[in-house]
Amino acid sequence: MTTAERPFSGQARAAALNVLARKQRSLARDALERLLRNKAAILGLGIIALFMLIAIFAPFIAPYDPVVQIDATGKANPSMGEPWFGDPKYVDPAHPLGTDRIGRDTLSRLIWGARVSMVVGFVPVALIFAIGVSVGLLAGFYGGKLDQILMRVTDVIYAFPDLLFIIIIMATLRNHWLGDLLGGLVLIFGAIAVVNWVGMARLVRGQVLSLKEKEYVEAARAIGVSGPRIMLRHLLPNALSPVIVAVAFGIPSAILAEATLSFLGVGIKPPTATWGSMMFEGYGVFATTPWPVLLPAVCISIVMLSFTFVGDGLRDALDPRMRT
Amino acid sequence: MLTYVVRRLLLLIPTLFFVAVVTFALAHAAPGSPFDKNPDRPLPAATIERLERLYGVDRPLHEQFLLYLGNLARFDLGSSLVRDRSVAEIIGSQLPVSAQLGIQALLLALAVALPLGVISALRQNTAVDHASMVLATVGTTIPSFVIAILAIYVFAVHLRLIPIVGWGTPKHMILPTVVLSLGAMAFLTRMTRASMLEAIRQDYVRTARAKGLPEQVVIVGHVLKNALIPVATVVGPATAGLITGSFIVESIFNVPGIGREFVLSITRRDYPLIMGVYLLYAFLIALANLAVDIVYAALDPRIKAA
Amino acid sequence: MPLARARRALALLIAALLVLAACQQGQPPTTGPVTQTGGGEPDPDGELVTNLGSEPDTIDPHKASFVHEIAVIMSVFEGLMSLDPQTLKPVPAVAAKDPEISADQKTWKFTLRDGVKFSDGTPVTARDYQRGFLRTCDPRTAGDYAFVLYVVVGCEAWNNMDLRTATTAQIEAGRDAVGIRVLDDKTIEFQLAEPAAYFGSIAYMWVGMPVKQESLDKGGERWTEPETYIGNGPFKLVEWKHNERMVFERNDSYWRGAPKVKRWTRVMIQEGATAFAAYRNNEIDVLGAAAEDLRTIEADPELKSQLSDVEGSCTFYIGFNAKRAPFDDPNVRLAFARSFDRDGYISDIQKMGTSANGGFIPPGLPGYDKDDAVQRYDPAAAKDLLAKSKYAGAPELQNVKFTYASNARTKTRVEWLQQQWKNNLGVTVVADPVDATAYTQLVKRQETTPLMFILGWCADFPDQQNWLTTVFHSSGISKTGWKNEKYDALVKQADQEPAKDRRDAMYLEASRMLSAEAPAAWLYYVSGKLLIKPWVKGVTTTALDSVLGQFRMWEIYVTKKG
């Protein structure tokens, strides 16, 4: 190899950059093609999109206010009304999916609950993505002391049992002023993010470590691309595959975490309607009518299943070698 | 290998210390705790006196923390705020039940998941494979408490097959054990299958086959061993999952264990008990992870050599 | 009324609220009429299984305050007095006869009957009772119900000693200053600080249960475990599997003779739905039905036949801050009280409970005034009252803040009431939910009492004093800020009046006055429903039951195990 000061000429440099640029796009396009061929994943995406629409337009679609029993004329909604497919004696046509123990309309609560579930699914994962990716990139790329420290820290946090820790945080800080921000949402986002960012960081770091040695990175470094630019433009896009899959699986796990927390009584504060808290309240009347528990359960299961399909699909699409 | 083990052991200390710090911090931050200067629930004088003796409530923070660590070392987890008993006593009396439930569930999960995962991988894309994957997916997507509620409703109320009250006999234990194991079972099945598939594709398998070894020997002798090693690593998180699952299962099936106690203590804001149980679990999980890491290191020749 | 006592009373109130909120399905209070008398052959080895609810925090008689704890205590111990199930008036139990009361009403002498033994065969003496009463007053015990004994000389002072600064000598001196003396093995005498006609009722309570010195010495902090938990009641505790069950067996040394039921197991099922399932599975024999279960019960003829009504001993009310506009005008208060449909409230919102169509004291307790129509629903009359008041048409009648502890159920109740007042009075009430613990702080002090709030009160002992004086005397625990000197004088007089009839009449007058002045609007009386398996017989229930058939426990029997 020649050791001239500027080993690459302008033309060669342009060609090298072209190669780098092309490599990214073709991976993404390949992946997209593979994904679109996966029927289960398409179905999953469709369902997710549907729920997102429901969540966004909740105030317009929900027939009733999800937290009131008394309507404008002062009349009380029937309590434990059956959905149209339930026990005909207690079906109220005004409430197609029935009402809960307190008389709140189930359909409206499911719709508004979708909003909470979507938010609780996406926001913490976005936080995890942001923090985990940043930390992972920095640790992997710069290595050395920074890496050592960060790895020790993540080792320690990684050993924490995550859901248990989230439960503890919610249990103790729920009545704190922190737990009041945004009706408890901030606390739940924070709790989920704080515990789970380490997994993401380790994942990204691992990716970066293996990609760091690849030739195109060496090439980029050699032509003088700056560190951050390398990280952002070259490492990150190629490290994204497992990250995307992790995100796709992280969302349902966050949704399930919220449902579990609500079922244990330490979720988002009432009277906000969430699928988890609906099940929590419906549990008491399960012997009389199973629908208050089953309907939100079905919703959660469908959403989680959809994300699982999409996640599997993404994994297969992004790394065909991993196909099982 | 030895250095690896020592390193992992040493890592245990900062982890536990960190856990202690976190629980201490949370216990202080929680409104309504013994440290709350404006208690909304005025405690009787005797309790306050006891709390001060144990926690040194009026002393500066770092002194309190040292006192706290000292208590922990002596397994003194404090006294319940609502019960007439000490936290250590409560935990001690309920722990055997939860331990029994947890171990049974873990064994059941392994006993079903490992063979199922292996067979699914070997018979990939057949009916068996599809069926087990469907089951595994269902196990991870349907929340465990829904399964538990359905189970108790169907088996106890409708079919009258199992009793609701009590604990100890197989009839009492079977349903909670099965329901608790489902989550881990599903997860482990998927993992085992994926690991087996990965292992089968390895070059050395092709070599073995090319050498003319019978399939049986190839699978059992080479693939299985290597496939199961990564699975061993997830037993740690699976245990963690079992612990959190136990809260729900114990509450719904009325099992007199620590999990149910923990859930109750949360609603009642019995902070010493909440923190005591958390410390116990964190410690157990840390130990489990450590054990798994060591076993993994022992099994995986790549690390052994390091 | 002393502040310390008020504080304790309020602690009890809150505790009662929590208990009520938490265990509608647990051990509901029960009613005067007798349930399930005779029939069938008693099984001499009969076993009864009931649900205790949650694990008791303590079953120490001198510390306990919750219903399920008292349930255990009243099964294992017996006091000097008991209550007559029909009238709820105190009757002698371990005492041989009614107490001898001095002329000034301040000295009460009880004589124990012969042959009363602890379950281990040792005789019960007056000293055992003295020990029990003293233990309640003892500051080191820190029981929640000590305030009930403050009427005894020296008890309050001793109970309020600061343990951090008091010396052992001071504590001993405090104990010696308490007015409880043992005259001989069978005679115990109480010195009261003021005349208190209701002291006989207090003598039935768990605060006055006897305890053996040996039990305390041997068991120490853990004397409540079965080996040392020795009592003189109808049953003895033979097994306590924590968080799972408590098993009681008949006490053969019981002075009334061994109870008919041989074994009584109490399981601990928290969750109402699970308990209901267990009842249907024949795993438990008795269950307090929750409102949610009623539909299933009504649809099942077998279950329906096992249902019976039980009266409670609690009243929930809407409190007004009588010191702030517009509630400083009694017309406004009464207008609010008369403008919501109590029957509709029960049928649409509360589902389980009895309409508060009477005074403050609920049915089943002495002093219940069913003819008290002062606060009855009458929108026309209410409108008139409002028009007559000084705030008619004034802005103070708009945006009246109604504060409550935030939870879904209460929110619904408040909203319903808001609508009623809007429709019937034209006033706008604004809902103000606050965190539950913040709420309990607010209602404890006059300065912070909200404009409108909801609270409940449950009987500590069956006497009007516990309601009319304890709660609504101007120095009582209620913080409405309402003060009426005539009322104060009347109830204080009644407290000390020895003649029962005159006393009842005075309290009745006071109760009517209370309803008319309306510092609170009676919302509903707690009542419930009980499911009892047909093979459980001999049950006599009252409004004050903490445990099934509390005042005739020994008569319960089981005909067959199904």
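Numbers at a glance
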quantity	calculated
Neighbours by Cβ (under 7 Å, 6+ apart or cross-chain): first from region A:182-210, within 22 Å of residue A:277 (Cα to Cα) and modelled with pLDDT of 85 or more; second assigned to a helix (DSSP H, G or I) and charged (D, E, K, R)	A:188/A:258
Residue that is nearest to residue C:209 (Cα to Cα) [pool: residues in region C:152-167 that are within 14 Å of another protein chain (Cβ to nearest Cβ) and among the polar types (S, T, N, Q)]	C:159
Residue pairs meeting the criteria (Cβ under 6 Å; at least 6 apart or on separate chains; first within 9 Å of another protein chain (Cβ to nearest Cβ), in region B:2-17; second modelled with pLDDT under 80 and not in a helix (DSSP H, G or I))	B:15/A:159
Matching entry among A:258, A:281 (being more than 12 Å from chain B (Cβ to nearest Cβ) and in contact (Cβ under 8 Å) with a residue 12 or more places away in the chain)	A:281
Any hit, region C:168-189, residues being under 24 Å from the mean Cα position of the chain (by Cα) and either among the aromatic types (Phe, Trp, Tyr) or within 14 Å of another protein chain (Cβ to nearest Cβ) (or both)	no
Subset tally (residues that are basic (Lys, Arg) and at pLDDT below 55) for region B:1-55	2
Of all residues making up region C:341-355, the number that are assigned to a loop (DSSP other than H, G, I, E, B) and away from chain A (no Cβ under 11 Å)	2
Yes/no for residue C:261 being within 27 Å of the chain's Cα centre (by Cα), under 27 Å from residue C:123 (Cβ atoms), touching a residue at least 60 places away in the same chain (Cβ under 8 Å) and buried (at least 23 other Cβ atoms within 10 Å of the Cβ)	yes
Tally, over region A:59-86, of residues that are part of a helix (DSSP H, G or I) and free of Cβ contacts under 8 Å to residues at least 24 places away in the same chain	2
Leading residue by the ranking (surrounded by the most Cβ atoms within 10 Å (Cβ to Cβ)) among those in region C:296-308 that are among the aliphatic types (A, V, I, L, M) and within 12 Å of another protein chain (Cβ to nearest Cβ)	C:297
Contacts under 7 angstrom Cβ, first residue in region A:305-316 being modelled with pLDDT under 90, partner outside any helix (DSSP H, G or I), 6 or more apart	A:313/A:38; A:316/A:38; A:316/A:323
Residue ID - surrounded by the fewest Cβ atoms within 10 Å (Cβ to Cβ), chosen from residues in region C:365-388 that are out of contact with any Lys or Arg (no Cβ under 8 Å at 6 or more places or on another chain) and touching a residue at least 60 places away in the same chain (Cβ under 8 Å)	C:367
All strands (runs of 3 or more DSSP E) inside region C:80-132 with 1 or more residues being over 30 Å from residue C:172 (Cα atoms) and touching a helix residue (DSSP H, G or I) at 6+ places or on another chain (Cβ under 8 Å)	C:81-83, C:90-92
Candidates B:95, B:135 - the one that is farther than 30 Å from residue A:303 by Cα, more than 9 Å from every other protein chain (Cβ to nearest Cβ) and modelled with pLDDT of 75 or more	B:95
Spans of helices (runs of 4 or more DSSP H) in region B:161-273 with at least 2 residues within 14 Å of chain C (Cβ to nearest Cβ) and either more than 21 Å from the chain's Cα centre (by Cα) or within 24 Å of residue A:283 (Cα to Cα) (or both)	B:170-200, B:235-253, B:258-267
Complete set of residues in region C:470-494 that are out of contact with any strand residue (DSSP E or B) (no Cβ under 6 Å at 6 or more places or on another chain) and among the β-branched types (Val, Ile, Thr)	C:470, C:477, C:491
Qualifying residue in region B:227-236 (condition: in contact with a Gly (Cβ under 9 Å, 6 or more places away or on another chain), buried (at least 24 other Cβ atoms within 10 Å of the Cβ) and within 30 Å of residue C:57 (Cα to Cα))	no
Scope region C:458-480; condition modelled with pLDDT of 90 or more and among the aromatic types (Phe, Trp, Tyr); matching residues	C:467, C:472
Lone unmet requirement of (1) within 29 Å of residue C:347 (Cβ to Cβ); (2) away from chain C (no Cβ under 13 Å); (3) among the charged types (D, E, K, R); (4) buried (at least 21 other Cβ atoms within 10 Å of the Cβ) for residue A:92	(4)
Pick from region A:202-213, criterion over 22 Å from residue A:251 (Cα atoms) and part of a helix (DSSP H, G or I), ranking: farthest from the chain's Cα centre (by Cα)	A:212
Single condition residue C:349 does not satisfy, out of (1) farther than 22 Å from residue C:543 by Cα; (2) out of contact with any Pro (no Cβ under 6 Å at 6 or more places or on another chain); (3) at pLDDT 90 or above	(3)
Any chance residue C:174 is touching a Phe, Trp or Tyr at 6+ places or on another chain (Cβ under 7 Å) and over 28 Å from residue C:123 (Cβ atoms)	yes
Members of region A:41-73 found to be within 9 Å of another protein chain (Cβ to nearest Cβ) and crowded, with 17+ Cβ neighbours inside 10 Å, listed by number	A:67, A:68, A:69, A:70
Candidate set from region A:265-278 (those that are of a type outside the set (Lys, Arg) and surrounded by fewer than 23 Cβ atoms within 10 Å (Cβ to Cβ)); member that is farthest from the other protein chains (Cβ to nearest Cβ)	A:272
Residues of region C:199-226 that turn out to be in contact with a strand residue (DSSP E or B) (Cβ under 7 Å, 6 or more places away or on another chain), touching a residue at least 24 places away in the same chain (Cβ under 8 Å) and not in a helix (DSSP H, G or I), as a count	2
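The values are calculated or read from the model by the stated rules, or taken from the named source; none is laboratory data. Since this is a predicted model, take the numbers as computed values, not measurements. Here Cβ is always computed from backbone atoms with ideal geometry, including for glycine, and neighbour counts include all displayed protein chains.
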